[in-house]
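One structure is given below, encoded as structure tokens.
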Amino acid sequence: CQPGRPTLEPSTGGREQLLQNLRKEKSRNAARSRRGKENFEFFELAKMLPLPGAITSQLDKASIIRLTISYLHMRHFASQGDPPWSPLREGGNNCNKVRRTSHSLVTDIFEQHLGAHLLQSLDGFVFVVSQEGRFLYISETVSIYLGLSQVELTGSSVFDYIHPADHVEMAERLGIRPHLRAEAGCQTSHESASSSASTSSLAGTPEPASSSPCSPVSELSERGFVIRMKSTLTKRGLHIKSSGYKVIHVTGRIRCRPALVPGSSRPLHRPMGLVALAHTLPPSTLNEVRMESHMFVFRVNMDLQVTYCENR
């Protein structure tokens, strides 16, 4: 400063405003950095999911978390059940030491895609439901039969996608305790009769009867039942806005894991969930019923009076 000339200093209010702006800018930069790091972690997590990149790149954060949790539960379901499901074949690394022929290479390539071939050949879709009632896995072929996506269903509650009148049926097949079904949102018969036209979304997840193990091998295993599941397909296969229902025939078995119970000499198993194959049952019209030579057709009204009868 030159002597005799006044210096310009910012006022107290100006200094406070400047400091406040600097703090805001620093806070915005820190928040932007946190969001960037968080988005990167979610992006890396999505890439680890066993899904095509075209799908994982479109997932939101909630879907990534839901699918990741389902995948981890599915790994536990596969490894802890009896028998364990292991992708490793006998031989391990020794197989790489053997000189491969063209036939063995073709076989290896086919086995890599064997799961997709099996799904395409099945007249239905495959799903795995935990004993809590959540889809751990459902094949992508579900979109062909119900119009629903694999990503939407995985990790969701099965009770959100079946008819309210079938909630008790599904809960019984999964082994959910009766006194916990109301908390799970499973409607009883008299409740579902009045609301069969509407769908209900479960607020929570049913709690399984995990404290009591399965009976020995005589009572676990096979399951076969019919339920109604949501569908967004019309008869022509076109998507519609409002969801209807399709009749699904479910066949499968309860997967259990060995359980050690003190004081018991019998081998006991605890249920882990249901592994099933689902077939859609199309509604058949009278013209589609096969008529044998010893059959004839007649019609009656509501008073059971015959209004029509074939000559035969």
Which order do the peptides 136-148, 115-127, 50-62 come out in when sorted by mean C-beta neighbours inside 10 angstrom, highest first?
136-148, 115-127, 50-62
Residue-level accessible surface for Thr251, protein heavy atoms, 1.4 Å, Å²
50
Can you give me the distance in nm between label points at Val226 and Val306, each placed 7 Å from the Cα along the Cα-to-Cβ direction?
2.9
Ordered by residue, what ³J(HN,Hα) values in Hz, to whole numbers, does segment 114-125 give under the Karplus form 6.51 cos²θ - 1.76 cosθ + 1.60, where θ = phi - 60° and Gly and Pro are x?
4, x, 5, 5, 5, 4, 5, 7, 6, 8, x, 9
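The values are calculated or read from the model by the stated rules, or taken from the named source; none is laboratory data. Computed from a prediction, not measured in an experiment: that's the story for all the values here. Here the Cβ is made from the backbone with ideal geometry for all residues, glycine too, and neighbour counts use every protein chain on show. Ligands, DNA and RNA are stripped out before the accessible areas are found, and what is left, the full protein with its side chains, is counted by its heavy atoms. Shrake-Rupley method; radii C 1.70, N 1.55, O 1.52, S 1.80 Å.
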